[in-house]
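The values are calculated or read from the model by the stated rules, or taken from the named source; none is laboratory data. Remember, predicted model here, so these are calculated numbers, not experimental data. Cβ coordinates were reconstructed from backbone atoms using ideal geometry, including for glycine residues, and neighbour counts include every protein chain displayed.
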Amino acid sequence: MIKSMTGYGGAKGTSGKLEISVEVKSVNNRYLDCTIKIPRVYTAFEEPLKSIVQKNVSRGKVDVFVSIDSQSADDIEVKVNHPLIKSYITALQEIAWINEISSEIRVTDLTRFPDILQATKREVDTVQISEDIGNILQQALIDFNEMRACEGEKMGRDIEGRLGEIEKLMTLVEEISPRSVEEYRSKLLTRMNEVLQTAGIDEVRILTEAAIFADRIAVNEEIVRLRSHIEQLRELIMSTEPVGRKIDFLIQEFNREANTIGSKGNDAQMSKVIVDLKAEIEKIREHAQNIE
C-alpha cells in the first residue's frame, strides 16, 4: 500500500546513563531532504543517522531531532594530585618553621592552591553511543512509517473511489458522443432544407458531412487510453514501493486525455461532464503530491 510523505514518529531509550529521545517529522518534498538536529558534541553521528533514514524513506523533507540528557550520568571525574599536595605541605611547614608561626594545615587550605583538584570528563564509548542512537532512530522510524502507511491507506481508498467516479463519467461521454453526431446530422439536414427549400438535397453530402463531424469528435481512442491509465493507477496504489513520481506522471496523462475530449465536445452536456471529470482528476493529483 502507498505511503504518505507526511508523518511523525518518536522513540526513547538509553545508552549507559545517557537518556536519548528521537523524533522524526516529515512534509512533502520532491526529493529526499534529511536534516539531523543533534547536540553539537555528537555531530559526528549525523552521517550514520542519515544513512538509516535513507534506507527507510525515499522522498520528503525529513527532520530528525535527537536530544541527549546526561544530567544523571556520572561523566565527570575529580582527580587529586597527591604529589603536588605533599610539595605544598612541605613548603607550608618550612614557612612556618622559618617564621616561627603555627603550622596548622587544613584540607580546605590546600584546595585553594591551583591544580590540587582536577575535574576531567570520563571517556565515553562513542561507538556504542552511536549504535544506541541508531537503534532508537530505527524504532522511531517504525512508528513514523506506520503513521505514513495509515495515511497512505486512506488516500488509496479515496483515489479508488474517485477512479470509480471517473469511470462513470467516461460512460456518460461514450453515451453523449453518438447523440452529438445525430444532432449534428439533424441540424445540418434542417439547414439544408431551409436554404434549398424545393431544390433537391444531396443525401450523400449530408452523410459525408456527418461522417467528417463524427470523426472529428470521436473520443474512442481517448476513452481507451483513459481506461488503461485507470488500471495502471489501481496497480500503483496497491504497490508497496515508492510510486509517487509515477502517479504524478500518470495524472498528467489523465489530464491530457480529458483536455482532448473536452476540445472535441461541442455541447453543454459534454462540457459539464468534462468539468466534473477534470475535478475528480485534480483531487487525485492533490493526493499524488503527498504520496512517497
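If you check every pair at least six apart or on different chains, which have Cβ atoms under 7 Å apart with a residue in region 237-257 that is at pLDDT below 95 first and a residue that is loosely packed, with under 15 Cβ neighbours inside 10 Å and outside any helix (DSSP H, G or I) second?
Met238/Met1; Thr240/Met1
Could you tell me whether region 81-96 includes any residue that is surrounded by fewer than 16 Cβ atoms within 10 Å (Cβ to Cβ) and among the basic types (Lys, Arg)?
yes
Residue check, Asn29 against (1) touching a residue at least 12 places away in the same chain (Cβ under 8 Å); (2) out of contact with any Gly (no Cβ under 7 Å at 6 or more places or on another chain), all met but one. Which one?
For Asn29, the failing item is (2).
In region 47-69, what count of residues is obtained for those that are modelled with pLDDT of 95 or more, charged (D, E, K, R) and not in a helix (DSSP H, G or I)?
Residues in region 47-69 being modelled with pLDDT of 95 or more, charged (D, E, K, R) and not in a helix (DSSP H, G or I): 2 in total.
Whether any residue in region 192-213 is closer than 16 Å to Gly262 by Cα, modelled with pLDDT under 80 and in a helix (DSSP H, G or I) is what I want to check.
yes
Please tell me if Glu167 is surrounded by 15 or more Cβ atoms within 10 Å (Cβ to Cβ), among the acidic types (Asp, Glu) and more than 30 Å from Lys17 (Cα to Cα).
no
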